[in-house]
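The values are calculated or read from the model by the stated rules, or taken from the named source; none is laboratory data. Note that the structure is a prediction, hence the values are computed from the model and not measured. Neighbour counts are summed over all protein chains in view; Cβ atoms, including those assigned to glycine, are modelled from backbone coordinates with ideal geometry. Heavy atoms of the whole protein, side chains included, go into the accessibility calculation; ligands, DNA and RNA do not. Shrake-Rupley method; radii C 1.70, N 1.55, O 1.52, S 1.80 Å.
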Amino acid sequence: MDEEITFGPRDAVPLASGNHEAIVIDVITNNYRVKKVYVDQGSAVDILFYRVFKEFGLKDEQLTPVRTPLVGFTGPPINPEGMITLMVTVGQAPKCRTFPVNFVVVKQQFPYNMFLGRPALNALRAIPSTLHLSVKFSTPGGVARVRGDPEDARPCYLAMLRGQEKVVAQTTCLEPYIPGEEALQLGTEDEIEEFPLREDRPDQVLRIGALLPFEEKEGLKALLREYSQVFAWMVEDMPGIPTDLAVHHLNVDPRFKPVKQKKRSFAPERNEVIRKKVGKLLESKIILEVHYPTWLANPVLVKKEDQSWRMCVDFTDLNKACPKDCFPLPRIDRLVDSTVGFDILCFLDAFKGYHQIEMVEEDREKTSFITEEGTYCYRTMPFGLKNAGASV
């Protein structure tokens, strides 16, 4: 473990370094993968915030009393709740190190979850580089490099600029860590506030950041309640987009002959999945039964990330007969750049977004597909069509 540690041309400099981002990494401790860990070379102690301490399931009786207050550049001295020693793992196997860290626990509202100060960095014999947003240290498996995450660093930094009283609720900070198994995400309930969207429907609850400033929080609630009609809790709440505003056309080239795919066979368990999916689509009036279609395709089952099934339709033949709509979709980098200078970015998740756009009536039968239960076509725009993205 006496290897030479250097940063050179082979170490990529992330674009975020030009903005002088802090080094914010992930570590593993107390059987959790902890995000938003600030590598603080200016701190004389290693700090663990009390809300994270409680989320670990630790008790106050496990703390060792500390009499010396913490003093920073500004603000009054902070009296710690106590000190606790935890084993911390930095890096990924085989290039990782596990060592004890004496954390000072403080009851303060910060966007970070813990600080690794000079004591931890010295124990790790780590060399940080703010230019490369990474930390290097020696391990039995060679020199390890732990990269900082600019996506975590930037919002934390902005929250600190607004002041502690305006620290906003961040994304998930802890993930239970079980070696060999996929980690499950765990939220921080003390940072989330639930409120009913409508007084007559107490079951329709929205979640917002509990740590938002009072005026912003009340303004956000008022805005959401003003536009409560745009939220869909079930298919019946989804009226769809008016046809005079948007409707999907197929524009099939008449030189192509209609294609009827031969019916495919599925295993019994997959047939059951298709039967249930078709039943839900019929109940939601997304599809309707059709007789004697000229175009006919087969359903396709695709595994989603949560291991459930998504039913699509094999529109390969139909897509070949449709010319491509060359509508220029916006580039993601331009969308990101356009957010510069704004404090709040809103993400709206459209409820069954594709199915809110209707198919033009004369093109519906062209989307027909066959199952064990019968033949159906889409009343609304389905997944898999070549030009569906342009319509959305």
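What the table shows:
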| read-out | value |
| --- | --- |
| Where Asn251 falls short, out of the listed (1) of a type outside the set (Phe, Trp, Tyr); (2) open to solvent by less than 80 Å² (accessible area, probe 1.4 Å); (3) within 19 Å of Tyr354 (Cα to Cα) | (2) |
| Sole residue being under 19 Å from Gly117 (Cα atoms), in contact (Cβ under 8 Å) with a residue 24 or more places away in the chain and not hydrophobic (A, V, I, L, M, F, W, C), chosen from Thr68, Thr29 | Thr29 |
| Count of segment 5-62 residues which are touching a Leu at 6+ places or on another chain (Cβ under 7 Å), open to solvent by less than 30 Å² (accessible area, probe 1.4 Å), hydrophobic (A, V, I, L, M, F, W, C) and not in a helix (DSSP H, G or I) | 4 |
| Members of segment 124-154 that are β-branched (Val, Ile, Thr) and in a strand (DSSP E or B) | Ile127, Val135, Thr139, Val143, Val146 |
| Single residue of Val290, Val300, Val247 found to be closer than 15 Å to Gly374 by Cα and β-branched (Val, Ile, Thr) | Val290 |
| Single unsatisfied condition, Lys285 versus (1) over 30 Å from the mean Cα position of the chain (by Cα); (2) modelled with pLDDT of 90 or more; (3) among the basic types (Lys, Arg) | (2) |
| Which numbered condition Glu55 misses (of (1) without any contact (Cβ under 8 Å) to a residue 60 or more places away in the chain; (2) touching a strand residue (DSSP E or B) at 6+ places or on another chain (Cβ under 8 Å)) | (1) |
| Counted residues, segment 87-122 - those being part of a helix (DSSP H, G or I) and either in contact with a Gly (Cβ under 8 Å, 6 or more places away or on another chain) or surrounded by fewer than 17 Cβ atoms within 10 Å (Cβ to Cβ) (or both) | 3 |
